[in-house]
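The values are calculated or read from the model by the stated rules, or taken from the named source; none is laboratory data. Everything quoted here is computed from the prediction, not taken from an experiment. All Cβ positions, even for glycine, are placed from backbone atoms using ideal geometry, and neighbour counts span all protein chains on display.
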Amino acid sequence: MDEIIHHLAVFVSRLWQIHIFGEGNTRTTAVFLIKYLRTLGFSATNDIFAANAWYFRNALVRANYTNLQKNVHETTEYLELFLRNLLLDEQNELHNRNLHISRLLENKKVDIREQKVDIGTAKVDIGAQKVDIERVLSEKGKEFSVKTTVHVYRLFEKFGDGGIFGRSATMELLGLKSSSASKFLSNLLQADIIEAVSGQGKGKYRFKT
């Protein structure tokens, strides 16, 4: 049964990854999986999907996301836990925090010997909030394709601490053509994930806090 569970996890993650369903890809993938499992003789229902919708979506992302520089590799282990609960009535805990990769992305170190702060002129905004990219995507990017989601993570890795970026930087970082980069940034603007920045030249953005 372990082999069957793994096969199903790979199958559904690859199906979701190619974004075969134009609208509501994650929801439609869940419905397709339920119907597919029923043809195989399983009594699959929507209950676990409804109760763990965001975990299911994040498990699909982790099954497709790789960042070798940060030692993050695609894995179906989280999706397999979900399927074991669905098909074998196991009670594995499905916590979104177990899927988070922010701690792996926040590894920048500051050399206090090289950086000096003029306390007479510099001001520190102690109320500034750091962007929680997982929360932002859970609220605003639920229907992003896996490719777009991965692009968001990569852009956040580079500019997530208040960095300013534009189309050229996005093209270089993500390997996109001009039109694709423009569409990508437009989608992030419409989803209210980034905001335009004034005083930095035309077409400059940053992640919203």
_Being charged (D, E, K, R), crowded, with 20+ Cβ neighbours inside 10 Å, within 21 Å of Lys140 (Cα to Cα) and not assigned by TED's automatic domain parsing to the domain that holds His151: is that true of Arg27 here?_
no
_I'd like the full set of residues that are free of Cβ contacts under 8 Å to residues at least 40 places away in the same chain and among the aliphatic types (A, V, I, L, M), limited to segment 188-209._
Leu188, Leu189, Ile194, Ala196, Val197
*Name every residue in segment 16-53 that is under 21 Å from Glu74 (Cβ atoms) and touching a residue at least 40 places away in the same chain (Cβ under 8 Å), in order of residue number.*
Trp16, Gln17, His19, Asn25, Thr26, Asn52
*If you go through segment 1-24 one residue at a time, how many are surrounded by 15 or more Cβ atoms within 10 Å (Cβ to Cβ) and either aromatic (Phe, Trp, Tyr) or in contact with a Cys (Cβ under 8 Å, 6 or more places away or on another chain) (or both)?*
2
*Would you list the helices (runs of 4 or more DSSP H) that sit entirely within segment 1-110 and hold 1 or more residues that are touching a helix residue (DSSP H, G or I) at 6+ places or on another chain (Cβ under 7 Å) and at pLDDT 90 or above?*
2-17, 25-39, 47-51, 53-62, 77-88
*Any hit, segment 66-86, residues being closer than 19 Å to Lys140 by Cα, in contact (Cβ under 8 Å) with a residue 12 or more places away in the chain and under 21 Å from the mean Cα position of the chain (by Cα)*: no
*Kindly provide the set of residues from segment 61-92 that are within 26 Å of Asp47 (Cα to Cα), touching a Ser or Thr at 6+ places or on another chain (Cβ under 7 Å) and of a type in the set (A, V, I, L, M), ordered by number.*
Val61, Ala63, Leu79
*Please list, ordered by first then second residue, the pairs with beta carbon atoms under 8 Å, 6 or more apart or interchain, first in segment 54-65 and in contact (Cβ under 8 Å) with a residue 24 or more places away in the chain and among the polar types (S, T, N, Q), second part of a loop (DSSP other than H, G, I, E, B) and surrounded by fewer than 22 Cβ atoms within 10 Å (Cβ to Cβ).*
Asn64/Glu74
*Close pairs (6 angstrom Cβ cut-off, 6 or more residues apart or separate chains): assigned by TED's automatic domain parsing to the domain that holds Lys202 and under 18 Å from Gly199 (Cβ atoms) in segment 158-173, small (Gly, Ala, Ser) and surrounded by 18 or more Cβ atoms within 10 Å (Cβ to Cβ) anywhere*: Arg167/Ala181
*Can you tell me which residues in segment 145-192 are touching a Lys or Arg at 6+ places or on another chain (Cβ under 9 Å) and at positive phi?*
Gly162, Asp192
